[in-house]
Amino acid sequence: MDIIANFIDGQYQAPCQQQYIDNIEPATGQVYGQIPDSGDDDVELAVAAARKALPAWQLMPLEQRADYLIAIAQEIERRIDELATAETIDNGKPISLAREVDIPRAASNFKFFAHACSQFASESHAMAGNAINYTLRQPVGIVGCISPWNLPLYLFTWKIAPALAAGNCVIAKPSEVTPKTAALLGEICQKVGLPNGVLNILHGTGAMVGQAICQHEEVKAISFTGGTSTGAAIAQLLAPKFKKLSLELGGKNPALIFADCDFDSTLEQVFRASFANQGQICLCASRLYIERPIYEKFKQALIAKAQALQVSDPLLETSKMGALVSKAHLQKVLSYIAAAKSEGGVVLTGGEQIQLSGRCQQGYFLQATLIENLANSARCNQEEIFGPVITLQPFDNDQEALTLANDSQYGLAATVWTNHLARAHQLAENLNTGIVWINCWLLRDLRTPFGGMNHSGLGREGGVEAMRFFTESKNVCVKY
Ligand code: NDP
């Protein structure tokens, strides 16, 4: 039995109340470990450790702070196989994906912000009449970072790295269903000698420890990635406390596929955008709008690819489609397929849970699913499913495609597939999403602003945006 501990003040510690939660491997449906069910008293310990560490960490020369982050990145790279295996066991994602995307990106996050902090500059504004303003950007203090289960170490470090780089001490909570790589990050911090208390990692439920982190008076900012309803609850909690809050929430991302696209490459990339990580990436395409002249051809090609996508044990090197993260999540996704059928949807392929043999008999597996014939107002076109379930709709012109794409409460990411330059730019300008990819998907430059509008979130992460979030700006006006 793998029993995880909290990481507080540089040491692994059991939860104060000695309460634990089972940790289940999604590919087998079996309990394989336990995690602390932490609460208020664990948060108190973490805040005390962060408070003690803060003055020295804030005053540390930038170069030295950056050296710690680089050392963490290098240690992640050195332990890549171990971390990738842990991620796959916890999350159900194919091991090749964990090794090629999730874990390398966690290392990149630390490297990127190690460099970004040395390039982070502030403004000065000279005034007529012998006066000058300059802006100080000072660390916020103790900050909370709360992340979801879909890209566990990748998103956890996407928050922690800029928070540390900006000179804050961090109290971080991974999802209770994918705690393992976050727990291993503590060992990495110990190995590189990160000063005690600079990063504290607490495990447990959102309702208990997540909320306790958010509510603590000394935690001055919260960076949260997760579901829209959780984001709304946290926003409500924090508004009267006037804490800084960054929210990266759900999505219902449209893909606009035009007849003039490069068919083969578009098919390949749209398929990946739909089903990567079992469709459990906030940026995955979930509504495919296809221009009518190629609708049938594109649909048939997608069906063929979906049927060829074999669901298998995610620990196999050949696996391209693993398990959904939990039984509850599988049930939720299946309930959307049932809802689609009741709203007149036609399941073109998939739609069923799969039972594998051997060690994965009890795992949470689902076929890649394509559905057509649903109105844009149907639940499957409006609500986030967050699984391998994609809807298809034809359109006849650019305006119709744009209207359908924008008919959503979400606004995270959109993709446009066309060789018509003016159309691509026109759509990019008018799509109500924080990110638009043209003829590509998930091509990420960590300097760019990342985030969504409307129900997809508040604020942006990445590059200078993250450094700004994790600092307070103070204007100083000098008359000379
Ligand atoms: P949840 O909102 O359920 O949880 C996210 C994190 O918040 C978890 O660590 C969770 O803990 C914690 N949490 C839950 N309730 C509270 C609370 N009241 N106070 C403080 N913390 C709380 O999301 P999921 O983990 O289910 O992740 C999937 C969602 O994340 C999807 O909607 C997806 O779109 C979104 N997402 C958004 C991204 C973006 O960048 N916009 C990127 C990736 C995912 P616990 O695990 O114990 O519930």
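The values are calculated or read from the model by the stated rules, or taken from the named source; none is laboratory data. A quick note: this is a predicted structure, and the numbers were derived from the prediction, not measured. Counting neighbours? That spans all protein chains shown, and the Cβs are built from the backbone with ideal geometry, glycine included. Calculation scope for accessible area: heavy atoms of the full protein, side chains included, ligands and nucleic acids excluded. Shrake-Rupley method; radii C 1.70, N 1.55, O 1.52, S 1.80 Å.
Things to note:
- Mean projected area in nm² (Cα convex hull; one quarter of hull surface) for region 88-208: 9.8
- Accessible carbon and sulfur surface of region 1-119 relative to its total accessible area, %, 1.4 Å: 52
- Nearest 10 degrees, 0 to 90: helix 180-192 Cα axis against the chain principal axis: 40
- By accessible area with a 1.4 Å probe, ligands and nucleic acids excluded, highest first: order of Met1, Met453: Met1, Met453
- In loop segments of region 40-79 as defined by DSSP, there are no GluC sites (Glu not before Pro) with at most 14 further C-beta atoms inside 10 Å of their C-beta.
- Normalised per residue, the volume of the convex hull around the Cα set of the chain (Å³): 150
- Within region 253-453, percent of DSSP bridges classed antiparallel, to nearest 5: 20
- In straight-distance terms, cross-link reach from Lys305 covers every one of the lysines whose alpha-carbon lies under 20 Å from its own, apart from those fewer than eight places away in the same chain; here that gives Lys93, Lys297, Lys320.
- Gain on full extension, evaluated as 0.36 nm per residue between Gln64 and Gln409 minus their Cα-Cα distance, stands at 119.8 nm.
- Once the C-beta distance of Glu100 and Thr135 is scaled by a Förster radius of 51 Å, the resulting FRET efficiency is 0.80 to the nearest 0.05.
- Helix axis angle, 292-308 relative to the chain longest principal axis, alpha carbon, degrees: 70
- FRET efficiency, Glu343 to Gln399 (Cβ-Cβ, R0 22 Å, nearest 0.05): 0.30
- Here the average projected area of the convex hull drawn through the C-alpha atoms of region 272-356 stands at 6.5 nm².
- Once both labels are positioned 7 Å from their Cα atoms along Cα-to-Cβ, the gap between Ser357 and Asp41 label points is 5.1 nm.
- Whole-number D in µm² s⁻¹ for region 253-453, Kirkwood Cα-pair radius fed into Stokes-Einstein, 10 °C, 1.306 mPa s: 93
- Potential lengthening of the chain between Gln426 and His125 amounts to 104.8 nm, from the contour at 0.36 nm per residue minus the alpha-carbon distance.
- Spatial separation of Cα centroids for region 364-415 and region 1-47, in angstrom: 38
- Counting protein heavy atoms only, region 253-359 has 53 percent of its accessible area on carbon and sulfur, 1.4 angstrom probe.
- Estimated Rh, region 1-148: Kirkwood, alpha-carbon pairs, angstrom: 18.8
- For region 86-175: accessible area per residue (Å², 1.4 Å): 27
- Quotient of Cα Rg and 2.2 N^0.38 Å for region 241-290, N being how many residues it contains: 1.55
- Taking only Cα atoms of region 179-295, radius of gyration then Dmax in Å: 20.4, 62
- Seen against the Cα atoms of the chain and their longest principal axis, helix 421-430 is set at about 60 degrees.
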